[in-house]
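Following: one structure in structure tokens, then a few remarks.
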Amino acid sequence: MSLPALLEQRLRLPVVAAPMFLISNPQLVLACCRNGVVGSFPALNQRESSGFKAWLEEIEAGLATLDNPAPYAVNLIVHNSNPRLQADLAICIEHKVPIVITSLGAVKELVDAVHSYGGLVFHDVTTRRHAEKAAEAGVDGLIAVAAGAGGHAGTWSPFALLAEIRQFFDKTVLLSGCLNHGHEILAAQVLGADLAYLGTRFIATQESHAPDAYKDMLLTSRAADIIHTPAVSGVPASFMRQSLENAGFDLAALQGKSETGAGNKLKPLTDEAKAWKTVWSAGQGVGEIHDLPTIDQLIARLDEEYRKAQDLTSRLSQHWPHH
């Protein structure tokens, strides 16, 4: 287990609330940090860099009123389709953002820039090759986005992805994919992760910026409704079938073999933003989501479930002693 000093003694639970495009906002971030888990948001959730800077100021002002809150994180898209990367990175440096989560590109210069003020860089990966490249760039943590995750998800089993990452990476590892309950957070740690990375569960909260119809769809969807396709953004991602149908996508074509080799040709951000407003992402764990709690209520529940799971593993170890 490897937690950076920045996170030691500051987390109630080993959890990061994932940055969700068009959904995460300062209200959600502050509620998470207040409750002892890392809150995060994509810089691109504000349409301009000036708005991004204003959100950082709002979050920092809110955190300043709290006693030992969890740190927050910002997600940067490191891809040539993002013309704002350098401007937003400069703002992160100015504000000394504690954790920068990078997606779609691990670049040593960016990692060094964040390290220059003492910040951490966690990077999304879906395969061993991506993980090795990010490790070479000097990142502090790898986010293993396993099969079943929402957003830009991978297709590898969490057992395979974590096991291969741990063969060469001894820093912080986060696991993403179908994590909704406290016992699943503990299971992620048992598999070799340091932190659990929860996305879909945090969409279905009072504080999230998702439209009511999106939240309602989460409550009625099941794992079978999740379709993994590159058709929306150019990179394979997980979406709810009902929203794809409502947006006019041909489901038969999306699920055909012709789509499986596509990807990594990210559409312009303006096109993607339009698409994600009406085509809604979720992970395969959506079938376990049945309510819309506040962040306070959700994290209290996760905490209780996590402690019960710890007690269960303690009892199991007594029942199955070492021989």
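Read-outs: derived from the displayed coordinates by stated rules, not from any lab. Worth saying up front: this structure is predicted, and the values here are computed from it rather than measured. As a convention, Cβ positions derive from the backbone with ideal geometry for all residues, glycine included, and neighbour counts pool all protein chains shown.
Key figures
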read-out	value
Under 15 Å from the Cα of Lys308 - aspartates and glutamates, other chains or at least 8 residues apart	Glu184
For Leu179, net neighbour charge (Lys/Arg +1, Asp/Glu -1) across residues whose Cβ lies under 13 Å away	-2
Local net charge near Pro26, Cβ-Cβ under 11 Å (Lys/Arg +1, Asp/Glu -1)	-4
5 angstrom amide H check on Ala73, placed H, neighbours 5+ away	Gly39, Ser40, Phe41
Partners for Lys277 among aspartates and glutamates (Cα-Cα distance below 19 Å; same-chain residues under 8 apart left out)	Glu48, Glu207, Asp212, Asp216, Asp225, Glu245, Asp250
Under 16 Å from the Cα of Lys108 - aspartates and glutamates, other chains or at least 8 residues apart	Asp124, Glu132, Glu136, Asp140
Value of Rg/Rh across region 66-196 [Cα atoms, Kirkwood radius]	0.97
The chain: C-alpha gyration tensor shape, a/c 1.5 cut-off, then a/b vs b/c	rounded
Sum of -39500 (n - 2.57) over DSSP H runs of 4+, divided by residues of the chain (222 nm, nearest 500)	-11500 deg cm²/dmol
Most to least packed among 39-48, 222-231 [average Cβ atoms within 10 Å]	39-48, 222-231
